[in-house]
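The structure appears right after this line, and notes come after that.
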Amino acid sequence: MRIYVLTRRKLALMILFLIAVGGLLTITQHSLTTPSLVRTPGTYYMAHTQEKVVALTFDDGPDPTDTPDVLDILKEKKVRATFFVLGQAAQSNPSLLKRLVNEGHEIGNHSFNHDYQQRHLIEEMNQTDQEVFAVTGVHTYFYRPPGGFLSERQLDTIKRNGQVVALWSVDSKDWRNPGVKQIVANVTKNVFPGAIVLMHDGGYHRIQTVKALGPIIDSLQGSGYRLVTLSELKTMDCEIK
């Protein structure tokens, strides 16, 4: 049997290598599966205000399974929200896109194919904007990168393209399907004046989101909050000149 003798230097290098590999695997896994809470400088993730206002935002739609139920609840509660649509979903569901606008909701841009790496960033942004405009006559103003991931270079590119990068400050974590009560708690226990709430109306079946939406709205309104679109929220930011 051959015996290998490691010097302290080789042992230290091996340990550092293993740590680095483990870290990369963890980052890769999370970047492909979960959105993270990011408060990136130069992005719009909250409004600086003392007014009790909150913006509900929905990603990954429009979806024929759950978006109609979400819209029914918002209509019943007389609440307007912002929907970050995927271009391919908008292309497949033009009637839902029209309904979003007709019922007073705001449409944001969430790329065309939900590519986390955003390898064709501007092309996908423009393609989605064209799909939205062709159906509604409205251009998108806010852009939300898939998963909330973006580099400084991508941020600069998006700004030069005339869009505002909109992230979030309260994550409902409905993408985990943790249960209706937990989704409600994730929002109501972390909300604050000027918060932007992340939810989803597409991507997968969002029945937990649908069931949680009414109680979330009731709780927020019962606590004195007014629910607005992102554009409305932005006008209340005391730090915007």
Does residue 197 meet the test of being open to solvent by less than 50 Å² (accessible area, probe 1.4 Å) and touching a Phe, Trp or Tyr at 6+ places or on another chain (Cβ under 7 Å)?
yes
In region 200-241, what count of residues is obtained for those that are loosely packed, with under 15 Cβ neighbours inside 10 Å, of a type in the set (A, V, I, L, M) and modelled with pLDDT of 95 or more?
1
Would you please list the contacts, defined by Cβ atoms under 9 Å and residues six or more apart or on different chains, that run from a residue in region 215-241 that is at positive phi to a residue that is open to solvent by 10 Å² or more (accessible area, probe 1.4 Å)?
224/52
If you scan region 153-184, which residues turn out to be within 12 Å of the chain's Cα centre (by Cα), among the aliphatic types (A, V, I, L, M) and under 19 Å from residue 113 (Cα atoms)?
165, 166, 167
If you go through region 79-127, how many residues are open to solvent by 10 Å² or more (accessible area, probe 1.4 Å) and farther than 21 Å from residue 45 by Cβ?
25
Selection status of residue 182, open to solvent by 70 Å² or more (accessible area, probe 1.4 Å), in a helix (DSSP H, G or I) and touching a residue at least 60 places away in the same chain (Cβ under 8 Å):
no
Looking across region 153-179 at residues that are under 27 Å from residue 138 (Cα atoms) and among the polar types (S, T, N, Q), the single one that is most open to solvent (accessible area, probe 1.4 Å) is 161
Do you know which of the residues in region 185-209 that are hydrophobic (A, V, I, L, M, F, W, C) and under 17 Å from the mean Cα position of the chain (by Cα) is farthest from residue 230 (Cα to Cα)?
187
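Taking region 128-152, which residues are of a type in the set (S, T, N, Q), open to solvent by 40 Å² or more (accessible area, probe 1.4 Å) and within 19 Å of the chain's Cα centre (by Cα)?
Answer for region 128-152, where residues must be of a type in the set (S, T, N, Q), open to solvent by 40 Å² or more (accessible area, probe 1.4 Å) and within 19 Å of the chain's Cα centre (by Cα): just 151.
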Could you check, for region 217-234, whether at least one of its residues is part of a helix (DSSP H, G or I), farther than 22 Å from residue 70 by Cα and of a type outside the set (Ser, Thr, Tyr)?
yes
Collect the residues in region 125-177 that are closer than 17 Å to residue 196 by Cβ and of a type in the set (D, E, K, R), keeping them in residue-number order.
144, 171, 173, 174
Within the set of pairs 6+ apart or on separate chains, which have a first residue in region 98-121 that is among the aromatic types (Phe, Trp, Tyr), a second that is part of a loop (DSSP other than H, G, I, E, B), and C-beta atoms under 7 Å apart?
112/86; 116/149
For residue 205, work out the one condition from (1) more than 17 Å from residue 167 (Cα to Cα); (2) touching a helix residue (DSSP H, G or I) at 6+ places or on another chain (Cβ under 9 Å) it doesn't fulfil.
(2)
Cβ pairs under 8 Å, 6+ apart or interchain, first in region 153-168 and free of Cβ contacts under 8 Å to residues at least 60 places away in the same chain and under 10 Å from residue 42 (Cβ atoms), second crowded, with 16+ Cβ neighbours inside 10 Å and aliphatic (A, V, I, L, M), ordered by first then second residue, are 158/121; 158/125; 158/150; 158/165
Would you confirm whether any residue within region 175-196 is within 23 Å of residue 43 (Cα to Cα), at pLDDT 95 or above and charged (D, E, K, R)?
no
Please count how many residues of region 141-191 are over 13 Å from residue 122 (Cα atoms) and not aliphatic (A, V, I, L, M).
25
Kindly check whether there is at least one residue in region 51-64 that is among the basic types (Lys, Arg), touching a Pro at 6+ places or on another chain (Cβ under 7 Å), open to solvent by 60 Å² or more (accessible area, probe 1.4 Å) and closer than 30 Å to residue 238 by Cα.
yes
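The values are calculated or read from the model by the stated rules, or taken from the named source; none is laboratory data. Keep in mind that this is a model prediction, so the values were computed, not measured. A quick note on method: Cβ atoms are made from the backbone with ideal geometry, for glycine too, and the neighbour counts reach across all protein chains shown. Remember, those area values only see protein heavy atoms, side chains included, never the ligands or the DNA or RNA. Shrake-Rupley method; radii C 1.70, N 1.55, O 1.52, S 1.80 Å.
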